[in-house]
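Heads up: the structure comes next, in structure tokens.
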Amino acid sequence: MIKLEHVSKTYSAGIPALNDINLEITEGEFVFIVGDSGSGKSTLIKLLLKELEPSEGVITVDGKKLHTIRRRHIPKFRRNLGVVFQDFRLLKDRNVYDNVAFAQRVIGAPVRESRRKVPAILSTVGLAAKYKSYPKQLSGGEQQRVAIARALINQPKILLADEPTGNLDANNAWEIMKLLEEINARGTTVVVVTHNMEIVKAMNKRVITVQKGIIVSDEKGDDDEI
Amino acid sequence: MRFSSIGYTIKQGFCNIWRNKMFSLASIATMSACIFLFGLFFAIVTNFQAMVKEAESGVAVTVFFNEGITQDEIDWIGEEIGKRVEVSEYNFISAEEAWEEFKTEYFGNDEQAAAGFQDDNPLANSASYEIYMNDISMQSTLVDYLTGLEGVREVRQSEIVANTLSDFNSLIGYISVGIILILLLVAVFLISNTVTTGIAVRKDEIGIMKLIGATDRFVRAPFIIEGVMIGLMGSILPLILLYILYNKVIVYIGEKFSFLNTLINFLPVEEVFDSLVPVALILGVGIGFLGSRITIRKHLKV
Ligand SMILES: Nc1ncnc2c1ncn2[C@@H]1O[C@H](COP(=O)(O)OP(=O)(O)O)[C@@H](O)[C@H]1O
Ligand SMILES: [Mg+2]
């Protein structure tokens, strides 16, 4: 599903943020990426989204080599990926429903389809009752659920989450992680960047540790059959 | 693009204008000033052009001869006139024809009054060439030339001093082109600023759109709509104002400066607006489109 071969990324003539990364994530996997701040985790996510181009190496996502995707085909490519960030990135002037429906708008889905799918996905993330609320009326955990709903509404094959629990307290963090696990159980490949070692240890998933742009360990989880 | 998407995009365009009220208003006002001045000059130039055309279609110059000139000499003068490029047509009017014309013009059917002059043509010395010109700006050159010809007693010019008229017309033309160019630049600049602000305000939203997989077109279209709408409003407003003013001004000049009435014939408002409306609309929409297009290129590298 995701494959990196000898991938390096150097920002304007500095030390490389990622250095000769080799990595493979198969379909349906749940993977944590951990590492100190500044070790290159977000850079990795941006490379997968084709927000950045690698300085060297080949990245393959869902069977497509990213460097072969033309600029005007990037939007179509991104529709295969759902993304969630630490700061939620919701539209403050729209309510929960509209924030999620927005993702359908953007890809030109018919309004009829949104009316059917948005309530369904909102109940999946446990927010069906708050569809009329605005982001500032919600807790951090709830806002992140909206963001997850928005990432999932277009049924991506892969969900990328860059420190999704970074702004949440322990309880909310747990609930978000459980939600991501649930989503993974339904077949979506999930990649989660996080600092929260407590949760990582407790969840027993594959853990990739990055340090200064290099993968220093890659441990399979207990219940991973792969 | 789906129908619902088009509706959404247009709505977002209006949203941009609304969220960004002050800038949008400033842009619309500048556009309006621009198009208003343009319309003003357009109306003046069109009117003058019509006057010049009318002057050109009338007799520009009349040439009278010395007393006792022979028909051969008159013919020679005629040939010389015919060689001039600026002359489109010339007619010989004999003294008798001049008298006939004068009679019908001033006595009409009053045979009695004309009868008093029966055998004694008071215009005996009034044989002339009537000269029509195809380029009235050459009138003074032609008059100078004709005055210098052997056998010419007098050269009379038409009452409208065509030369001044066409000079004035081209002066107005230059001034208006100059002013309009400057104003257009200002308008493009302002619209560009408005769109830049709009993009800045929606920066987060644009970032999210891109990550979700919005196409360039989807991201850009609302800003194009914003620019075009500003341009459209900025041209419709001054057109309405000009329409009202034009009629008022014609009436006002007609009353206050009635002596001008014989000289100046204003075109009816419909005739001016027939061409002004499409030109102004295209100009407004064009500027709006251009202003936002340039800005998007610069700030929205999707
Ligand atoms: N846009 C950028 N320009 C230059 N350097 C950057 C940029 N983004 C990140 N970096 C650098 O790359 C390294 C990795 O950053 P990042 O991927 O954000 O780390 P992490 O997400 O693991 O904290 C850091 O040293 C950071 O300073
Ligand atoms: Mg980071």
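The values are calculated or read from the model by the stated rules, or taken from the named source; none is laboratory data. Model, not experiment: these values are computed from the prediction. Methodologically, a virtual Cβ is constructed for each residue, glycine included, from the backbone with ideal geometry; neighbour enumeration extends over all protein chains shown. SASA here: full protein model, heavy atoms, side chains in, ligands and nucleic acids out. Shrake-Rupley method; radii C 1.70, N 1.55, O 1.52, S 1.80 Å.
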Residues that are open to solvent by 20 Å² or more (accessible area, probe 1.4 Å) and either within 18 Å of A:ARG150 (Cβ to Cβ) or within 11 Å of chain A (Cβ to nearest Cβ) (or both), drawn from the range B:212-235: B:ILE212, B:THR215, B:ASP216, B:ARG217
Is there any pair linking a residue in the range A:27-44 that is within 14 Å of chain B (Cβ to nearest Cβ) and within 6 Å of ligand 1 (Cβ to nearest atom) to one that is assigned to a strand (DSSP E or B) and open to solvent by 10 Å² or more (accessible area, probe 1.4 Å), with Cβ under 7 Å and at least six apart or on different chains, and which? A:SER42/A:ASP162
Pick out the one residue from A:LEU18, A:LEU91, A:LEU23, A:LEU122 that is more than 16 Å from ligand 1 (Cβ to nearest atom), hydrophobic (A, V, I, L, M, F, W, C) and away from chain B (no Cβ under 11 Å). A:LEU122
So which residues in the range A:94-104 are open to solvent by 20 Å² or more (accessible area, probe 1.4 Å) and away from every other protein chain (no Cβ under 11 Å), if there are any at all? A:ASN95, A:TYR97, A:ASP98
Just to be sure, is A:PHE77 under 28 Å from A:ILE2 (Cα atoms) and part of a helix (DSSP H, G or I)? yes
All positions within the range A:4-30 that are open to solvent by less than 10 Å² (accessible area, probe 1.4 Å), more than 16 Å from ligand 2 (Cβ to nearest atom) and under 16 Å from A:SER42 (Cα atoms): A:LEU4, A:VAL7
Considering the range A:61-72, residues that are part of a helix (DSSP H, G or I) and of a type in the set (Lys, Arg), and then whichever is farthest from ligand 1 (Cβ to nearest atom), we arrive at A:ARG72
Only unsatisfied item for A:VAL111, checking (1) more than 9 Å from chain B (Cβ to nearest Cβ); (2) open to solvent by 30 Å² or more (accessible area, probe 1.4 Å); (3) β-branched (Val, Ile, Thr), is (1)
Tell me, please, whether a residue that is without any contact (Cβ under 8 Å) to a residue 24 or more places away in the chain, open to solvent by 70 Å² or more (accessible area, probe 1.4 Å) and more than 16 Å from ligand 1 (Cβ to nearest atom) can be found in the range A:73-86. yes
For the range A:49-60, which residues satisfy the criterion of being buried (at least 21 other Cβ atoms within 10 Å of the Cβ) and either outside the structural domain of A:ASP20 (by TED's automatic domain parsing) or within 12 Å of ligand 1 (Cβ to nearest atom) (or both)? none
